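The structure appears below as structure tokens.
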Amino acid sequence: MRISTQAFQTRTLEMIQQKTAEIAKTQAQIASGERLTRAGDDPAAAARGVALDSALEQIARYQSSIGQVRERLIGEEAALDELTGVLNTVRELTIQGGGAAMDASTAQSLAEQLRAQIDAVYGIANRQDADGNALFAGTRQTGQAFAASGSGASYLGDAQTRSIRIGPNQSLADGHTGGEVFMAVPAAMAVTAAAGNTGTASLGQLAVDTAASPAGLPWSVRFEAGNWTVADEGGNTLGSGVYTPGESFTVDGVTLGFDDQPADGDSFAVLPGGQQDVFATLDQIAGALAAFDGSSASRAQLTTALYRGLDNVESATKHVIDLRASVGNGLQTLDRAEDSHEGVAVELMGTLSDLRDVDIAEAASRLSLQITALEAAQQTLVRMQGLSLFRLL
């Protein structure tokens, strides 16, 4: 088979154009650092690269959500830490208020200090995040979660929390509502003294058997002619006996003990446990101290009120500590999710790099071979063009 000079030259020119195009492509890959300069270079790899890009974008959204939730949880943790400090201060003031040497002037001073602590609690309860929204308002977009009113604290938020997705099939609440933190504080069974009591008896002991289920609460404990009588809400007598100061008696699993001497007709109410907000607890303690006038009867009233107040402060402190533990668990969950996302992202970026990024060493070697091939083709074409029978004459 004979090949004409023209056909050979045409084929050589096509080869030169092909090699030139290959060199241009390799140079573009080296310059950009990317193996796939267009989807047509490797359609399957390009399609997989798009899927990996989408997965990385989703991880970035999860990481952004984690950052937002972490910011709010850290803010709540700081607020709860401050609240714990306030409650500890209130506890110290309450214990001071129960001192035997306290006079009316000192009680007023303690009441004022407690009012200042109540203001501090309002400040904590209305703490805001970086966007100016109250941390403890639930899902409601408002700058204030609580407002003081004549009847106590008013909660301006809602009972819902934001559940934020931080990973596939994983969501986390971005905090607790103000209702959970400040309003739904467990309160144990309590005893209060009747306002008209004139004796010096005060509560000295209150204990409830864990297996007991006292019925008919609230109860009344009435003292008359040296005896005590406990009656339920309907007036039915549950127990009675001779009163001895400092000695306790038990009715339906509830052990009560009173100190000093009641006057005939003095009475106390035994209230069921439930919930009480932090503001009301502090206000009751401050009110009891403010009402103290220095008399023996007033001291008995104060002692019973402070017994109840101290119990509620202890309960509130434990409640806040439990919430702080919950926040800490949430932050640990965020850390684990973030670490997991970072690990997955590194793997995805490695796979994406293998698909898209050019191996510079390999590309440089390939470019050298392509240039050599191009030069060879060019030299072949030059030699072919120089061939002629006239050169042999």
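Assess whether I118 counts as being in contact with a strand residue (DSSP E or B) (Cβ under 9 Å, 6 or more places away or on another chain), closer than 30 Å to I59 by Cβ and in the same structural domain as D322 (by TED's automatic domain parsing).
Details: in contact with a strand residue (DSSP E or B) (Cβ under 9 Å, 6 or more places away or on another chain): yes; closer than 30 Å to I59 by Cβ: no; in the same structural domain as D322 (by TED's automatic domain parsing): yes.
No.
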Check your understanding: Assuming I360 fulfils every condition listed in (1) over 30 Å from A207 (Cβ atoms); (2) surrounded by fewer than 13 Cβ atoms within 10 Å (Cβ to Cβ); (3) modelled with pLDDT of 95 or more; (4) among the aliphatic types (A, V, I, L, M) apart from one, which condition is it?
Key -> (3)
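Looking at region 327-337, can you tell me whether even one residue there is at pLDDT below 70 and assigned to a helix (DSSP H, G or I)?
No - not one qualifying residue is present in region 327-337.
Inside region 258-307, can you point out the residues that are hydroxyl-bearing (S, T, Y), assigned by TED's automatic domain parsing to the domain that holds L83 and in contact (Cβ under 8 Å) with a residue 60 or more places away in the chain?
The answer is T281, S296, T303, T304, Y307.
Could you please let me know if A187 is modelled with pLDDT under 95, crowded, with 16+ Cβ neighbours inside 10 Å, under 30 Å from S326 (Cβ atoms) and in contact with a strand residue (DSSP E or B) (Cβ under 7 Å, 6 or more places away or on another chain)? Let's see the steps before the verdict.
On the way: modelled with pLDDT under 95: yes; crowded, with 16+ Cβ neighbours inside 10 Å: yes; under 30 Å from S326 (Cβ atoms): yes; in contact with a strand residue (DSSP E or B) (Cβ under 7 Å, 6 or more places away or on another chain): yes.
So A187 passes the test.
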Check your understanding: Got at least one residue in region 210-220 being assigned to a strand (DSSP E or B), surrounded by 14 or more Cβ atoms within 10 Å (Cβ to Cβ) and at pLDDT 95 or above?
Key -> yes
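Report whether or not F223 is touching an Asp or Glu at 6+ places or on another chain (Cβ under 9 Å), part of a strand (DSSP E or B), crowded, with 17+ Cβ neighbours inside 10 Å and not aliphatic (A, V, I, L, M).
Yes; evaluated as a whole, the condition is true for this residue.
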Check your understanding: Just one of A145, A134, A173 is over 30 Å from S298 (Cα atoms), small (G, A, S), within 23 Å of the chain's Cα centre (by Cα) and surrounded by fewer than 19 Cβ atoms within 10 Å (Cβ to Cβ); which is it?
Key -> A173
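The values are calculated or read from the model by the stated rules, or taken from the named source; none is laboratory data. Note that the structure is a prediction, hence the values are computed from the model and not measured. Cβ coordinates were reconstructed from backbone atoms using ideal geometry, including for glycine residues, and neighbour counts include every protein chain displayed.
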